[in-house]
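One structure is given here, and the rest of the page talks about it.
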Amino acid sequence: MKRFLSWYSVLLKRQLKNISFLILMIVVPVVTVVCSNLSSFKTASIETVAVYAEDDDQTSVRIMESLSNLHTEFKYVAVSSDEELRDMVRSRRALCGFILKKNLTEKFKKEKYFNNIEYIVRNDSIFSDAACEQIYSKYLKEMTYTLALQIIEDSTGVIEGTEGFDIRAEYEELLRRDENEFLKIVFLEENPDADLVSSTGLMTFSISGVMAVIMLLGALMGIGNWISDRKNGVLVSAARGREMLMKVLYIQMPVLLLALSSLITILVVRNFSGAANVLAAVIVYSLMLIILALILSMVVKNMTVLIALEVVLILGSLILCPVFFDFGSIIPVVKVVKYFMPPQWLLMLL
């Protein structure tokens, strides 16, 4: 036991004297937290609002075009699916979202004016009255257009003072209604990782994804330290037949230190909400990395191969997993490949 503690103490001191490791452990998380809050200091930021039309109805098309041409504090972005819209709102890439339901033109003609728009908002967000008012104004404009056409098509009713006046009375009643009555409000369940996606104005990135990559680097650094010391006969020779135990110590040391740093970073950004779930996810991910590193250390015997492996895993994780990019959700073939990248494991656990 005393020998084990002695080894552990030596490895810990060596690790904490490594400047590059300290940068990973302290500087990178601090910079990440600062970047995550940059948007709070922006005074003239333009919020993104996602919009999706369920069909190519002419009314929906005109509303979408009108919104895209608006020059306000919101940028209305057309998306290709309901799920994409919800993902954007959950990940805070969009302030909120609006879904235009099918057959708006026919619904207007049948005097079905309500619940034709779904307002998608996170359950921890404040209502965006300005965005609701803007889309409602476009919706009301198209409703007015359809009502006008209906009056013209039924000119007999207008002249005789029967149906035409009923339509006008109904229109006046609609004008008196609050715009929120026309919206079906849908609250999204709180996404455990929603607080961990941040935008600086220059890029959008997943904070948990960044921390997952850093922990992966720690596991690879552990393998590198083991290979280097074994080659040079430093400390490893003291193990006397307990190489596996020594290898575990080498690998788990940087992983656990970076896991502690990552855990604190994630909890700070998340305002310590869901602490138990985050702790469990980080512990499980750490164990998975240690096991993966032990398996790799049986195959990788020199630094050249390890460096090549680091490049593949780190670049692959940054590109395929939703860290800075998310090609893994865009390219069909890559959707499967990204699950072989370790950072994706932590994102799934969270």
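Values quoted throughout were computed directly from the atomic coordinates according to the rules given, and no laboratory measurement underlies them. Owing to the predicted nature of the structure, the values given are computational and were not obtained by experimental measurement.
Worth a mention:
- Histogrammed with a bin width of 5 Å, the alpha carbon distances of the stretch 259-350 distribute as 3, 13, 18, 20, 19, 16, 8, 2, 1 percent, first bin at zero.
- Computed lengthening from MET303 to VAL337, 0.36 nm per intervening residue step minus Cα-Cα distance: 9.7 nm
- Subset of LYS2/LYS301; LYS102/LYS138; LYS112/LYS184; LYS75/LYS184 violating a 19 Å alpha-carbon distance limit: LYS2/LYS301; LYS75/LYS184
- Cα centroid separation - the stretch 305-322 against the stretch 48-69, whole Å: 40 Å
- For LEU183, nonlocal amide neighbours, meaning residues 5 or more places apart or on other chains whose placed amide H falls under 5 Å from its own, are ASN115.
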